[in-house]
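Working notes for the structure below.
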Amino acid sequence: MNETRLDWKILDKCNYTCEYCPWKHDIKLPSQTKEELRSFISSLDSDIEIYLFGGEPFLHPRILDIIEIFNDQSQIHQIQTNFSNIAIKRLEEIPSHHRVHIALTVHQTQISIDKLKAQLQRLKNLPPNIIIDDVVIMYMDKNSFEYYKVTKSFDIAEIEFHPVINMGEDNNSYIDDYIDKSKSPVYSHLYNFKRPSIEIEGVMHDGNELWRDMERGTYPLKGKECLYKGDYACYTPSFEKMNCPLGNMENNICTVDLCPLICGSYDNYEDEDTQIQF
Ligand code: SF4
Ligand code: SF4
């Protein structure tokens, strides 16, 4: 395998209903056996972090087996979770000799401030084999800062904001939304829309410049090979490999004008130093 980044969408089902969710929530749960899961995970490169997302990964009927296999195979991993009750219950069942790395995502439309406090307290009480790598707060409006302050008071991990993007119905509508939001004072204060550099045909391109070239149409992406080609892979719940997690690819050719993966980075919010004008 040559990938430098691996994602695995382990199921589609979710117990939340975020209005900005880009995914279709198939309620069917995966039915692989533990041995099938072991065989798939063995085929991955254990030195490359595999990032699990969903849906809500802790609804997967074999999530504890997956964690056991990760530990048996020393697979670097991170599991993204909305830390709802069922997720925390599963985390509480993990045996103390299994380490698990998790990343929390806070969806303010789905959890009240009081519930957030209660869930963070439960997480704080978990044993040290449950490692919280970071917390991402989906940034929607000024209420998001209340969620930030509460989360910060628990001091459990680094906190980042991630902009909510309305994915819309057609292939390119999320791009308009992203560009609109990137121009607003709050967004541009919170995120400087840094993009990672990327190698195309052996030449390193500055991510910011490449994004601007795509916006201006001087680098027409549509009709070209995927920017990530062999570098990135996302696996489906049934272990199929797709290079574009948004399905913007046909016969290995990109079908959109801008690549959302290239604009996915963001800055940390520094509350004391940042004067936000709403
Ligand atoms: S928690 Fe994530 S997967 Fe679930 S509805 Fe919200 S955005 Fe979608
Ligand atoms: S949108 Fe998808 S297919 Fe197009 S460059 Fe980005 S990852 Fe590749």
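No lab work stands behind these numbers, since they all come straight from the coordinates. What you are looking at is a predicted structure, and each value in this text was computed from that prediction instead of being measured. Glycine also receives a Cβ, built like all others from the backbone with ideal geometry; neighbour counts cover every protein chain displayed.
Test of understanding: what is the full-extension gain from E49 to A118, defined as 0.36 nm times their sequence separation minus their Cα-Cα distance? Intermediate values should be presented prior to the final figure.
On the way: separation 69, 0.36 × 69 = 24.84 nm, distance 3.00 nm.
The span from E49 to A118 would gain 21.8 nm if fully extended.
For E93 and E209, what is the calculated FRET efficiency with R₀ set at 35 Å and r taken between the beta-carbons, to the nearest 0.05? Walk me through the intermediate numbers first.
Working: r = 48 Å, r/R0 = 1.37.
Taking R0 as 35 Å, the efficiency between E93 and E209 is 0.15.
Listing T4, T255 from the residue with the fewest other Cβ atoms within 10 Å to the one with the most, what is the order?
On the way: T4 13, T255 16.
The most exposed by this proxy come first: T4, T255.
With 10 angstrom as the radius, rank T81, T33 by how many other C-beta atoms surround their C-beta, starting from the fewest. Present the calculation step by step, with values, prior to reporting the outcome.
On the way: T81 24, T33 10.
Going from sparsest to densest Cβ surroundings: T33, T81.
With respect to the cross-link table entries K183/K224; K24/K117; K24/K241; K13/K115, which display a Cα-Cα separation exceeding 24 Å?
On the way: K183/K224 28 Å; K24/K117 29 Å; K24/K241 18 Å; K13/K115 22 Å.
As for pairs spanning more than 24 Å Cα to Cα, those are K183/K224; K24/K117.
Could you work out the Kirkwood radius for the stretch 89-170, taking every pair of different alpha carbons, averaging 1/r and inverting it, reported in Å? Don't jump to the answer; show the numbers that get you there.
Details: mean 1/r = 0.0726 Å⁻¹.
About 13.8 Å for the stretch 89-170.
Across the Cα atoms of the stretch 1-119, what radius of gyration and what greatest pairwise Cα-Cα distance (Dmax) are found, in Å?
My reading of the Cα-based Rg and Dmax gives 14.6, 45 Å.
Mind sorting L52, L210 by how few other Cβ atoms lie within 10 Å of their own Cβ, fewest first?
On the way: L52 26, L210 22.
In increasing order of surrounding Cβ atoms, one gets L210, L52.
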